[in-house]
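Worksheet: the structure to be examined is printed underneath.
The values are calculated or read from the model by the stated rules, or taken from the named source; none is laboratory data. Predicted model only: the values in this text are computed from it and were never measured. Methodologically, a virtual Cβ is constructed for each residue, glycine included, from the backbone with ideal geometry; neighbour enumeration extends over all protein chains shown.
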Amino acid sequence: MNIQWYPGHMTKAVRMMQENIKLVDVIIELIDARIPMSSRNPDIAKLAANKIKVLLLNKYDLADEGKTKEWREYYKNQGYHTALVNSKSGKGVRTVNEVIMTACKEKIERDRKRGIINRPVRAMIVGIPNVGKSTFINSFAGKACAKTGDKPGITKGKQWIKLNKNVELLDTPGILWPKFEDNEVGLNLAYIGSINDEILQLEELACELIEILRDRYTDKLAEYMGFDLAGKAFELLEKYALKRGCIAKGELPDLSRAAILFMDDFRGGKICKVTLEDVPSEV
Ligand code: G4P
């Protein structure tokens with residue numbers, strides 16, 4: 001299955017980000033801890049080339065703990081300021097303010113020397129669709145969140161969220177990039193729900209995912225499925241359909257409904273905690 005998805009609103013969003021990037025000190029990039037490489041947008045990396053960068057591994061509650069540690073270490077070694085965040089429960093969110101302040105320490109010091117004191121750090125929040133940006137902002141800003149007025153130079157209607165006296169946030173829409181060079185990247189994004197399901201063949205996607213989970217998380221998948229995992233992936237999806245009561249006309253397994261249930265359970269972390277990518281091995 002070859003996956004590409006780059007609707008027009010994303011082109012507009014990139015333009016908006018390009019217009020506003022000069023106004024911010026730091027880029028806060030949310031990535032999905034289950035696919036720490038595929039959930040990084042190369043266009044954002046280019047856009048943010050000269051900015052201070054904070055990388056938040058969101059949804060770490062759904063990811064494999066050991067692998068998350070390795071990925072965090074990997075990104076730390078690449079010079080990123082990082083934090084593990086579960087935006088849904090709020091776990092780890094409180095540490096983010098400190099991470100931002102540490103990341104911007106030198107900049108704040110430079111400002112101080114030039115007589116600029118108490119100027120809030122301005123941050124742009126970026127990430128792929130569905131990575132959890134809205135949930136994170138709500139959790140991070142909480143009730144203290146107060147929207148500041150429009151500032152000159154910012155796309156009309158864009159609002160700064162005044163987080164506290166130290167930080168102001170600018171939200172951006174979730175974006176992907178025009179072409180996934182590697183089909184696996186597209187698949188990974190589809191598994192976690194960052195690609196519109198309407199353009200996907202969900203049965204095929206579920207079968208691909210079954211293969212991967214059988215390989216990486218054999219025991220957990222067997223436990224979840226409740227039957228032997230021998231056979232082709234589509235045969236397992238058939239068995240799964242029958243088990244979940246997805247029956248079509250003629251008593252045949254309804255694979256399309258089964259695929260929806262399987263993907264939903266996977267995305268909601270009901271199969272097991274997963275990380276689908278490994279840190280690159282050193283050459
Ligand atoms: P976006 O703005 O980047 O598009 O993402 P959004 O905040 O809308 O979050 C997308 C989905 O991810 C939501 O689930 C949200 O609850 C969930 N989510 C966000 N952060 C985390 C996290 O750290 N851990 C977990 N487990 N889930 C997270 P949903 O099913 O679309 O909505 P809801 O039923 O949870 O409200």
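Quick notes
- Restricting attention to the range 64-87, the residues that are away from the ligand (no atom under 14 Å from the Cβ) and either crowded, with 23+ Cβ neighbours inside 10 Å or on the phi > 0 side of the Ramachandran plot (or both) total 2.
- Of all the residues in the range 271-283, those that are over 20 Å from GLU184 (Cα atoms) and free of Cβ contacts under 8 Å to residues at least 40 places away in the same chain number 2.
- Only one entry in ASN188, ASN183 is within 23 Å of the chain's Cα centre (by Cα) and surrounded by 17 or more Cβ atoms within 10 Å (Cβ to Cβ), namely ASN188.
- When residues in the range 233-270 are screened for being in contact (Cβ under 8 Å) with a residue 40 or more places away in the chain and at positive phi, 1 of them pass.
- Restricting ASP228, ASP219, ASP215 to those that are under 25 Å from the mean Cα position of the chain (by Cα), exposed (fewer than 13 other Cβ atoms within 10 Å of the Cβ) and modelled with pLDDT of 95 or more reduces the list to ASP215.
- A single entry from ALA259, ALA206, ALA222 fulfils the requirement of being part of a helix (DSSP H, G or I) and either over 25 Å from VAL185 (Cβ atoms) or among the β-branched types (Val, Ile, Thr) (or both): ALA222.
- The range 120-141: number of residues that are of a type in the set (D, E, K, R) and either more than 20 Å from THR102 (Cα to Cα) or within 8 Å of the ligand (Cβ to nearest atom) (or both): 1
- ASP61 meets all of the listed conditions (1) more than 21 Å from VAL167 (Cα to Cα); (2) charged (D, E, K, R); (3) more than 16 Å from the ligand (Cβ to nearest atom) but one, namely (3).
- Residue count for the range 88-103 under the criterion of being more than 16 Å from the ligand (Cβ to nearest atom) and of a type in the set (S, T, N, Q): the result is 2.
- Residue within the range 109-119 that is at pLDDT below 95, under 30 Å from ILE192 (Cα atoms) and either within 16 Å of the ligand (Cβ to nearest atom) or more than 22 Å from the chain's Cα centre (by Cα) (or both) present: no
- Here GLU198 clears all of (1) within 16 Å of the ligand (Cβ to nearest atom); (2) without any contact (Cβ under 8 Å) to a residue 40 or more places away in the chain; (3) crowded, with 16+ Cβ neighbours inside 10 Å except the condition numbered (3).
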